[in-house]
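Trainee: Here it is: the structure, laid out below.
Computed from the coordinates by the stated procedures, all read-outs in this text should not be read as laboratory data. Please read these numbers as outputs of a predicted model, since none were measured by experiment. Heads up, the Cβs are rebuilt from the backbone with ideal geometry, glycines too, and the neighbour counts pull from every protein chain shown.
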Amino acid sequence: MRWAVLLWMSGCGRAAPPGAAAPEREGRLDPLAVGWFLKASVSEHEGQLDAAERAHAWVDRLDPGPWPDVHRGELLLRLGRRDEARTAFESALAARPAMPEALLGLGLASEPEVGVLLLEPLVPVYPCRIATAGPDALRETAEAACRGH
């Protein structure tokens, strides 16, 4: 099941480094939750966003925690359901305060004034994502950082 931990923690399809620690996932994962997570990922990749949303709901029921909330929030954000996305990102932050991925999502799902406050410290970490989806007030700074990234 270690491969599942690495897959789960890698996020966004990036491979985690070999031997990477997953502190909040030290125990065994529910194999059913892993299966639903994989189904959600495949459904998203194939553009079946409704099926992906249903699969993410199962993951959240079977293995509640910050990562399922972040993945569900990102999907809801792509679906244009900003209020629900904010709730998912806030839930992830309640479980793991200052989680960068959850802060990024919350900043992108928030109103521009709030988004600027949340996203400004994250520009060095996620410059390209903020340049393309963040508030206009950060666009120029993020684009410059993205070019140098």
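Trainee: Remind me, what semi-axes does the range 32-149 give for its equivalent ellipsoid, largest first in whole Å, using sqrt of 5 times each Cα gyration tensor eigenvalue?
Mentor: On the way: eigenvalues 137, 44, 30 Å².
Each semi-axis is √(5λ); the values are 26, 15, 12 Å.
Trainee: Taking neighbour Cβ counts within 10 Å as the exposure measure, how do C146, C128 sort from fewest upward?
Mentor: Values: C146 16, C128 13.
In increasing order of surrounding Cβ atoms, one gets C128, C146.
Trainee: Apply the Kirkwood formula to the range 27-67: the hydrodynamic radius equals the inverse of the mean of 1/r over all pairs of different alpha-carbon atoms; give it in Å with one decimal.
Mentor: Details: mean 1/r = 0.0996 Å⁻¹.
That comes to 10.0 Å for the range 27-67.
Trainee: In the neighborhood of E90, defined by Cβ-to-Cβ distances under 15 Å, what is the net charge if each Lys or Arg adds +1 and each Asp or Glu adds -1? Kindly include the intermediate steps, with their values, before the conclusion.
Mentor: On the way: positive: R72, R81, R82, R86, R96; negative: D60, D69, E74, D83, E84, E101, E111.
Charge balance in the 15 Å sphere: -2.
Trainee: Continuing with this model, one more query. Quick one: if you stick a label point 7 Å off each Cα along the C-beta vector at L38 and D50, how many nm between them?
Mentor: 2.6 nm
Trainee: Still on this model: Please report L117, L75 as a ranked list, fewest other C-beta atoms within 10 angstrom at the top and most at the bottom. List each step's numbers first, then the result.
Mentor: On the way: L117 12, L75 22.
By the 10 Å Cβ count, ascending: L117, L75.
Trainee: What is the range 83-149 by shape, rounded, prolate or oblate, if you read a ≥ b ≥ c off the alpha carbon gyration tensor as root eigenvalues and call it rounded for a/c under 1.5, prolate for a/b larger than b/c, and oblate otherwise?
Mentor: Working: a/c = 2.56, a/b = 1.69, b/c = 1.51.
Prolate shape, in that a/c is at least 1.5 and a/b is the bigger ratio.
Trainee: What order do you get for F89, F37 when you list them from fewest to most C-beta neighbours inside 10 Å? Before the final figure, lay out the partial values.
Mentor: Numbers: F89 30, F37 24.
Exposure proxy ranking, most exposed first: F37, F89.
Trainee: Rounded if a/c is under 1.5, else prolate if a/b is larger than b/c, else oblate: which is the range 49-111, with a ≥ b ≥ c the root eigenvalues of its Cα gyration tensor?
Mentor: Details: a/c = 2.31, a/b = 1.12, b/c = 2.06.
Oblate, because a/c is 1.5 or more while a/b does not exceed b/c.
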